[in-house]
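Inspection log for the structure reproduced underneath, given as C-alpha cells.
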Amino acid sequence: MPPLPRNQDVADALDELADVSEILGEQGFRVLAYRRAATRIRETGASVAELAQQGTAKELPGIGATIESKIVEMTETGSMSALEKRRAEVPAEVRQFLRLPGLGPKTAARIWRELGVTTLEELRVAAEQQRVRSLQGLGAKSEERILEALAKGFGPEPERRGLLGVGLPVVRQVVEELRAHPAAVQVSGAGSVRRGRETFRDLDVIATATDPAALIGHFVTLPWVLDIAARGDTKATVVTKQGLRIDLRVVPPEDFGSLLQHFTGSKDHNVALREEAQRRGLSISEYGVTVVETGEVRRFADEGDLYRFLGYEPIPPELRESSGELQAARNGSLPTLVEVGDLVGELHCHSDWSSDGKASIEEMARTAKANGYRFLALTDHSHYLREGRMEAQWQEIDEVNARVKPFKVLRGVEANIRADGAIDVADELLAELDWVVASLHHAFDKSPTERILAAIDDPRVDCIGHLTGRKLNRRAGADVDIEEVVARAVETKTALEINSQPDRLDMRDVHARLAGEAGVLVPVTTDAHSTGALGYRELGIAQARRAWLTKDQVLNTRPWREIAKLRS
DNA sequence: GCCGTTTTCGGCCCGACTGTTTTCAGTCG
C-alpha cells in the first residue's frame with residue numbers, strides 16, 4: 001500500500017482533474033465541484049484520506065460519494081483513474097496555458113485543438129507568427145499579452161504571497177492617512193488582511209467620503225506610492241515602493257456595510273452566503289440585497305446589520321472561510337474568539353543569551369511588562385546554554401526578577417529535538433526548569449512525527465514549538481501527522497503553540513482548530529528575539545481566531561500559578 | 001458533481017472588465 005496521500009496531494013490531484021476536465025470541455029458544474037472539493041480539502045485539518053477510508057469524508061461540505069470514492073482510490077492505488085485517463089488526452093503543457101493571464105480553459109483548448117499547439121514554446125512561435133489571431137475572438141492584443149507573459153517567464157514556483165506581518169502595518173498606515181483627510185468619512189482595511197490570513201496577494205482598503213475624487217487624489221499621491229496602476233472616480237490601484245498592490249474603493253455612506261462585507265471575503269464565504277440567500281429569494285451584491293420578487297433593494301451602511309438582516313449573528317472576519325461559520329452564525333453558536341488583550345504572559349522568547357537574540361533579559365522583561373504581561377518564560381536555545389551557562393543565566397534571571405517585581409521571569413529553555421527524538425538538555429537541568437519548549441530545528445524529513453511524539457512523551461516537555469518548522473515562501477513544513485500528535489498531546493497534557501513569527505505562524509490555522517477542538521491548550525507565543533518582536537503576538541492571535549479559539553483554549557491567558565498547576 | 005425550510009431533480013453568486021465585437025463570451029476577483 002502506498003503512503004497515505006496528504007491533503008495537499010489530494011487537493012492538487014482534484015485541481016488538476018478540474019483543469020484538464022475543463023480543457024476537455026466537460027460540464028462546468030462538475031469542474032466547479034472538483035475545485036470546491038479541492039479547496040475544502042486544503043482547508044481541512046484532519047487527513048481526508050483517512051476520512052475517506054472510514055467513509056466519512058462525504059460529511060465535509062462539497063464532497064459527496066463520487067469524490068470520496070476517488071479519494072479512496074487515490075489512497076489505495078496512489079492515483080485517480082479519472083485523472084490518469086484525461087492526462088493521457090491533454091498534452092501536459094496545455095494545462096500550463098491556464099497560467100497565462102487572460103487565458104482560460106476555453107481559449108487554451110482552442111489554441112491546442114484548432115492550431116495544434118501543444119507546448120509553451122510552440123505557443124510563443126504561433127503568437128510571433130500571428131497565427132493566434134486567426135482564431136475567432138482573439139486578436140493582436142491577445143498575442144501581445146501572451147508573448148509578454150511568456151517573455152517574463154513563469155517558473156515552476158507558485159507566486160509569492162506577502163506576509164500578514166508586512167501587510168497589516170501597511171494597511172493600518174494607509175487607513176490612518178486616509179482618515180486624516182478632510183474628505184474622508186469612514187475608512188477600513190478589507191480583504192484577506194482583515195481576515196487575518198497568514199499571507200495576501202494584494203491589500204484592500206475601502207472608504208466613504210464627502211468628496212471621493214479628493215480622497216482618491218490623496219491616496220495616489222501618498223509618499224510611498226511608486227506607480228498608479230489604475231485611477232477612476234470610485235477606485236484606484238497603486239503599487240508601493242515595497243512592491244505591494246493596494247486597492248482603494250470609495251462608495252456612498254449608505255453602502256459602506258455592503259462593500260466592506262463584499263471586499264472582506266473570502267470568496268468562498270461570499271459564494272456560500274449568496275447561495276443561501278438565493279434559496280430564500282434574495283440576491284446579494286456589493287451594492288445591497290435585492291428581494292428578487294419585488295426588485296426592492298436594501299442597502300447597508302453597517303456590516304453587522306447586513307448579517308443580521310440575513311438571519312445571522314455578525315461573523316468575525318477571521319471565520320469567513322466557508323468552514324462552518326454560516327451555520328454557527330444562524331444557530332447563534334459562534335465562539336467568542338480570543339483577543340490580544342486576553343494574553344497575560346509570554347511562553348516562548350529569547351534574550352541575548354542566544355547568539356541571535358538582540359535584547360537583554362531585563363529589556364525583554366520590561367517590554368513584556370509594558371505590554372501588560374505579568375510573566376515571561378525565557379526560552380533561549382539549549383545549545384547556547386551548555387557548560388554552566390544555564391546556571392549562570394538563572395542567576396541573572398533572579399537578579400532581574402528582584403528589579404521587575406511583581407513581574408516574573410521564568411526559567412525556560414527551547415530544547416532541540418534530536419534526530420533520535422531525544423531532548424538535548426541534561427536531566428538534572430530539565431528538573432530545575434519552569435517551562436520547557438521542545439522544537440524541531442533540523443532533519444525535518446527524518447521521521448518528524450515519531451520524534452515529536454517522543455518529545456511529547458517526555459514528561460519534562462511542556463510545549464512543542466513551531467510544530468512543522470515551515471517557513472512561509474521558503475520551505476514547506478515537515479510532514480507531521482497532526483491528528484496523531486494532537487491525540488498524544490491531549491493524553492499527556494502537552495501544549496502545542498501557535499508561533500507568531502510572521503514567516504512561521506505554525507501551527508497553521510486549520511491545525512490549531514483541530515488541536516483546540518481536541519482539547520489541547522494552545523499558547524500564542526512570539527518566539528521574539530528582540531523587544532519589538534513581542535508585538536508579533538497580534539499575528540498569532542489572528543491565527544488563533546482563525547482557528548476558532550476562545551480565551552479558555554489559549555494557555556497564556558491564564559496567570560502563571562494556574563499554568564504551573566496544570567503542568568505535572 | 002453536489003445539494004435541499006419551495007426541490008432527490010434541476011438548479012448551481014454577482015458584477016466588472018477586456019478584447020473582440022456590433023451584442024457578447026471569456027476571464028477575473
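Bear in mind these aren't lab numbers, they're just calculated from the coordinates by the rules spelled out. Bear in mind the structure is a predicted one, so any value in this text is a computation, not a measurement. Every residue, glycine among them, receives a Cβ derived from its backbone with ideal geometry; neighbour counts consider all protein chains shown.
Summarising the label geometry, the points placed 7 Å from Cα in the beta-carbon direction at A:GLN186 and A:VAL490 lie 4.2 nm from one another. Phi angles of the range A:265-282 translate, via the Karplus equation with coefficients 6.51, -1.76, 1.60 and θ = phi - 60°, into HN-Hα couplings of x, 5, 4, 4, 4, 5, 4, 5, 4, 6, 5, 5, 5, 4, 4, 9, x, 10 Hz per residue; Gly and Pro are given as x.
Calculate, in nm to one decimal, what A:LYS405 and A:ARG330 gain on full extension: separation in residues at 0.36 nm each, minus their alpha carbon distance.
Gain in length upon complete extension: 22.3 nm.
If packing is taken as the mean number of other Cβ atoms within 10 Å per residue, what is the order of A:314-326, A:133-145, A:278-290, highest first?
Per-residue mean Cβ counts within 10 Å order the peptides as A:314-326, A:278-290, A:133-145.
Bridging of A:LYS235 to lysines at a Cα separation below 27 Å is possible for A:LYS141, A:LYS267, once same-chain residues fewer than 8 apart are set aside. The stretch between A:LYS551 and A:GLU128, if pulled fully straight at 0.36 nm per residue, gains 146.2 nm over its current Cα-Cα span. Each of A:GLY25, A:VAL485, A:TYR312 was scored by the projection of its Cα onto the charge dipole of chain A, and the greatest displacement toward the positive side belongs to A:GLY25; charges sit on the C-beta of Lys, Arg, Asp and Glu.
Report note on the peptides A:74-81, A:50-57: ranked by the mean count of other C-beta atoms within 10 Å, highest first, their order is A:50-57, A:74-81. Extension gain, A:ALA229 to A:ARG460, is 77.5 nm, computed as 0.36 nm per intervening residue step minus the present C-alpha separation.
Given R₀ = 41 Å, what would the calculated FRET efficiency be for A:LYS141 paired with A:PHE29, taking r from the Cβ atoms and rounding to 0.05? Before the final figure, lay out the partial values.
On the way: r = 31 Å, r/R0 = 0.75.
E between A:LYS141 and A:PHE29, to the nearest 0.05, is 0.85.
Where does helix A:389-404 land angle-wise versus the long Cα axis of chain A, in degrees 0 to 90, nearest 10? Relative to chain A, helix A:389-404 is tipped by roughly 90 degrees.
Candidates A:HIS348, A:ALA108, A:ALA454 compared by Cα position along the dipole of chain A: farthest toward the positive end lies A:ALA108, with charges placed on Cβ. Using a simple spin-label model with pseudo-atoms 7 Å out from Cα toward Cβ, A:GLU517 and A:THR66 lie 2.6 nm apart.
Look at A:ASP305, A:ASP19 and count the other Cβ atoms within 10 Å of each Cβ; fewest to most, that gives A:ASP305, A:ASP19.
Summarising the amide proton neighbourhood of A:VAL524: residues at separation of 5 or more, or on other chains, whose placed amide H is nearer than 5 Å comprise A:ILE498, A:LEU555, A:ASN556. A straight Cα-to-Cα reach below 26 Å connects A:LYS241 with the lysines A:LYS152, A:LYS471, residues fewer than 8 places away in its own chain not being considered.
Using the average count of surrounding beta-carbon atoms within 10 Å as a protection proxy, the listed peptides A:374-382, A:237-245, A:62-70 rank, highest first, as A:374-382, A:62-70, A:237-245. For the range A:12-55, backbone nitrogen atoms closer than 19 Å to the point 7 Å from A:ARG113 Cα along Cα-to-C-beta are found at A:17-32.
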